[in-house]
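Peer 1: My questions will all concern the structure given below.
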C-alpha cells in the first residue's frame, strides 16, 4: 500500500481537485479536520490580497462514509472564490517574463505565447491541495502518536532567537507569524511592515520537527527508498523553497567526524540509545527513532511591486515587470505546507512498513516495531526488542 495523490486545477480556475489513494479503512476523517490545516495556510502575517478573498474549505466528495474512510480513493474539492472575479473577463495575454518564476522556461518548453498558461498552474495556490492531503496524512499518523510542528526560525535579516526548541514550537502555535518568541514576533511584524512599504518581499527559514517515529522507516538498499532523499524531494517541490537541511548538516560540514556523529551507548536500563541527535533522526536513509529535524530555506517571493528587468517575449524588446498581486512574505503560511509534504512522505513510508488494509491491523503491527527505548542486546549479543 502507498499513500499517493494527484491534484488538478489552476490559480484562478473554478476549483482545485485532489484524488488521494492508499488511505486505509477506518480512519476518522471529516471536513473540519482538513479545515484546521487549511486555516494555517491562510495566516495574515505577510499575506497579500488573495487571503482576504479566499476562506479555503476542502469538501470531501468520495471515500468517506459516516465519518470513516472506506479504503476507496478520497476525492476532495477546494472552491476558488476568486474565480468569480475572473469569469467572463477578457484578460490580455501576459508576455513579460518575471524573474524567479516558471515564466520563461515554461514558454520555451511548452511553446506558450501567453505566460498565464504557465503561471496559473505553477502558482503556489496549488499548495492548498497539498495541505488538504497533508491533513489526511496528519490524521493517519496521529493514530500512531506521530506528530509534526514547525516555526519560522528566521525571517529576512532578523537574527534567530536564543530560545529552546521546546519554547519556540510552543510559542509558534499562538503566533500569527509562526515566530518562536514574543520578541521575534515583534521583529517579524516590523520587518514585514517595512518591506511592504518599500514594495519588497522577504524570505526566511522554517524549522520542523516530527516526533514519535519508529526505527527503520525508509531503507538504504536503493536510492529511491532512502527516506532522506524522498523528504528532500518533497520539500524542494514546494514553491520558492531553495534549500533543505537535515539535522546539523551545514554546521556539521565544518565539524570533525569524531565530534559530529551521535554516539551509541547503553543507558541504565540496558537500552541502546543516542544521547545526541545531530543526524536529525535519519541515518543512511532510515529513521533512527529520534525526532526528525529539518530546516528549510525559502527565497523571497519573486513577484515584487518594484519593477524588475525583463524581456517582452512577444516583441523581444526590453521591458519591466508589472505587479498584479502577491504576498510580502509567505514564510509563516509556508510552515503548514512544509509540514504537509513531510507528513505525506512519512505516511507513505509507514504504510510501506506496516502493510494492511485497515487502520486496526496497522495499529496492531505498529506495536511490534522497535523504538529507541525497546532496543536491547540479547545474551548472544544479537539485537532484539520485546
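The values are calculated or read from the model by the stated rules, or taken from the named source; none is laboratory data. Bear in mind the structure is a predicted one, so any value in this text is a computation, not a measurement. When we count neighbours, we look across all protein chains shown, and the Cβ atoms used for this are built from the backbone with ideal geometry, even at glycine.
Peer 1: Going by the conditions given, is residue 132 part of a loop (DSSP other than H, G, I, E, B) and modelled with pLDDT of 95 or more?
Peer 2: The answer is no for residue 132.
Peer 1: Part of a loop (DSSP other than H, G, I, E, B), in contact (Cβ under 8 Å) with a residue 40 or more places away in the chain and within 25 Å of residue 327 (Cβ to Cβ): which single residue out of 177, 150 fits that description?
Peer 2: Numbers: 150 fails: part of a loop (DSSP other than H, G, I, E, B).
Every option except 177 fails the conditions.
Residues are listed down the side, and each one gets a yes or a no for (1) outside any strand (DSSP E or B); (2) surrounded by 20 or more Cβ atoms within 10 Å (Cβ to Cβ); (3) at positive phi:
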{"site": "297", "(1), (2), (3)": "no, no, no"}
{"site": "305", "(1), (2), (3)": "yes, no, no"}
{"site": "314", "(1), (2), (3)": "yes, no, no"}
{"site": "323", "(1), (2), (3)": "yes, no, no"}
{"site": "329", "(1), (2), (3)": "yes, yes, no"}
{"site": "336", "(1), (2), (3)": "yes, yes, no"}
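Per-residue answers, yes or no, for (1) in contact with a helix residue (DSSP H, G or I) (Cβ under 6 Å, 6 or more places away or on another chain); (2) more than 30 Å from residue 102 (Cβ to Cβ):
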residue	(1), (2)
219	yes, yes
222	no, yes
226	no, no
238	yes, no
253	no, yes
258	no, yes
266	no, yes
272	no, yes
276	no, yes
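Peer 1: Here is a further query. Any idea which of 131, 108 is free of Cβ contacts under 8 Å to residues at least 40 places away in the same chain and out of contact with any strand residue (DSSP E or B) (no Cβ under 8 Å at 6 or more places or on another chain)?
Peer 2: Among 131, 108, only 108 is free of Cβ contacts under 8 Å to residues at least 40 places away in the same chain and out of contact with any strand residue (DSSP E or B) (no Cβ under 8 Å at 6 or more places or on another chain).
Peer 1: While we're here: Report, by residue number, each residue of segment 107-129 that is in a helix (DSSP H, G or I) and under 24 Å from the mean Cα position of the chain (by Cα).
Peer 2: 118, 119, 120, 121, 122, 124, 125, 126, 127, 128, 129
Peer 1: Here is a list: 144, 140, 171. Which entry is touching a helix residue (DSSP H, G or I) at 6+ places or on another chain (Cβ under 8 Å), part of a loop (DSSP other than H, G, I, E, B) and within 29 Å of residue 287 (Cβ to Cβ)?
Peer 2: 144
Peer 1: Looking at 270, 243, 280, can you tell me which residue is assigned to a loop (DSSP other than H, G, I, E, B) and surrounded by 14 or more Cβ atoms within 10 Å (Cβ to Cβ)?
Peer 2: Sole residue among the options that is assigned to a loop (DSSP other than H, G, I, E, B) and surrounded by 14 or more Cβ atoms within 10 Å (Cβ to Cβ): 280.
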